[in-house]
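Student: Input: one structure, supplied below.
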Ligand code: SF4
């Protein structure tokens, strides 16, 4: 979502004739868009601003703005601690960027805008064309969260759940398609909680699937509790909807799920996966796990390993629990760091074995790949298969923007390597 936001921030700044630069030393206005999910996010902000300060020690100071969730969470503290920062803008207020930059240019006082007015934000963004179209493009459809998992800052930094209007989403999507997008990933902190005046995520996906140039649709990130029957059915009925579902579970222990306030049990989660597999047996899953959450015993950890083995996630993203100031879990007694580290090593080793076993089954088999770009050397093209696996093939033909059937030859944890299928070379496939 930050990538989508960063692109929109750039669209806004273009109104003031700013252009992007890859070189910090050329900067007139430095906007640092931050994420609070990662560990030590605030320290990283000070570190980054320190680098800019160093670069401009003997030069005219650029305008320095911090946006995103760290800006929201820290607000005034950032301005107090680091005088080099001119403004902090929360993720729901960045549509005011133009006004803010003008004010800073006129040397007004430091600015802190951390309101939760998402309606105003999207009303303003609708007036500006989304110019950042890629073959695979993002579209934010929903923001915020009402779930209040005890470890998570999102409800405090992004605010309550908000869904954008279906008309503005379809218009933005048509624009993206007209500009070359072939795949749309619908984004939301709780994407399957999308509900605009009774129009649900499944309805939106049906509508987007009617846009001719859009050949693939994905969405992320889902909460198991919001997986309604209509969305399950959409996976049976919409061919353009890709068969990989990212479904964070966080723990395989009911005791820990309860402590996290995840609002469902392991049994519910397994049953949901069973239902999704029933409507489309080719569906695969990826997930997030927190290791060493406060109160996690050896048995709870074993339960997470058990779930990992049972579902055989093709990708598992696992992190040691790290507390976030202001969240209820931050007040709980922490698991010993060494124990948590040992558990993470065991977990990731097992997750990687499962992933590699799955990947080896793909070798010498066909895969439909949407090609997104070309590597600098040797006519190598990069794309993704239906399960979001990165695939690289060599081709003399320009493959960008096309879905091709490829034979997977081999691969590693990160990338699959394939070749164009000879006998049906040049034949394009619908997703
Ligand atoms: S559902 Fe996701 S975004 Fe919402 S509080 Fe839980 S972890 Fe955070």
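Just so you know, all these numbers are worked out from the coordinates, no wet-lab data involved. From a predicted model like this one, the values you see are computed outputs, not experimental measurements. Cβ atoms come from the backbone with ideal geometry, glycine included; neighbour counts cover every protein chain shown.
Student: Give the shape of region 96-228 as rounded, prolate or oblate, defined through the alpha-carbon gyration tensor: a ≥ b ≥ c are the square roots of its eigenvalues, a/c under 1.5 means rounded, and otherwise the shape is prolate if a/b is larger than b/c and oblate if not.
Tutor: oblate
Student: Which FRET efficiency value, to the nearest 0.05, do you get for residue 76 and residue 396 by plugging their Cβ-Cβ distance into 1/(1 + (r/R0)^6) with R0 = 41 Å?
Tutor: Rounded to the nearest 0.05, the efficiency is 0.10.
Student: Taking the Cα centre of each part, how many Å lie between region 365-387 and region 1-31?
Tutor: 29
Student: Using 0.36 nm per residue of separation minus the Cα-Cα distance, give me the extension gain between residue 261 and residue 110 in nm, one decimal.
Tutor: So the extension gain works out to 50.6 nm.
Student: What value, in deg cm²/dmol to 500, does the helix sum -39500 (n - 2.57) over DSSP H runs of n ≥ 4 give at 222 nm once divided by the residues of the chain?
Tutor: About -10500 deg cm²/dmol.
Student: Does region 289-416 classify as rounded, prolate or oblate by the C-alpha gyration tensor (a ≥ b ≥ c root eigenvalues; a/c under 1.5 gives rounded; else a/b over b/c gives prolate, otherwise oblate)?
Tutor: Taking the square roots of the gyration eigenvalues as a ≥ b ≥ c, region 289-416 is prolate.
Student: Order the peptides 285-292, 30-37 from the highest to the lowest mean number of other Cβ atoms within 10 Å of their residues.
Tutor: Peptide ranking by packing, descending: 285-292, 30-37.
Student: Please identify which residues in region 285-323 have an amide N closer than 14 Å to a label point set 7 Å out from the Cα of residue 352, following the Cα→Cβ vector.
Tutor: Counting backbone N atoms under 14 Å from the label point, the list is 316-318.
Student: On to the next question. Can you tell me the order of 354-366, 125-137 when each peptide is scored by its average per-residue count of other Cβ atoms within 10 angstrom, highest first?
Tutor: 125-137, 354-366
Student: Here's another thing I want to ask about it. Can you tell me how much longer the chain between residue 131 and residue 3 gets when fully stretched, taken as 0.36 nm per residue apart minus their C-alpha distance, in nm with one decimal?
Tutor: Result: 44.8 nm gained on full extension.
Student: Work out, step by step, the length gained on full extension between residue 123 and residue 174: first 0.36 nm times the residue separation, then minus their alpha carbon distance; give nm to one decimal.
Tutor: 16.6 nm
Student: When a/c reaches 1.5 or more, the comparison of a/b and b/c decides; with that in mind, is region 35-127 rounded, prolate or oblate per its Cα gyration tensor?
Tutor: Oblate, since a/c reaches 1.5 and b/c is not below a/b.
Student: So if we plug the beta-carbon distance of residue 336 and residue 35 into 1/(1 + (r/R0)^6) with R0 = 35 Å, what FRET efficiency do we get, rounded to 0.05?
Tutor: 0.80
Student: Let me check against my output: what whole-number percent is the relative contact order of region 120-361, with C-alpha pairs under 8 Å and at least 6 apart?
Tutor: Computed value for region 120-361: 16 percent relative contact order.
Student: From Cα pairs below 8 angstrom and at least 6 apart in sequence, can you work out the relative contact order of region 259-346, rounded to a whole percent?
Tutor: Once normalised by length, the contact order is 35 percent.
Student: Moving on to the next point. Can you tell me, using C-alpha contacts under 8 Å and at least 6 residues apart, the relative contact order of region 363-420 as a whole percent?
Tutor: Relative contact order here is 38 percent.
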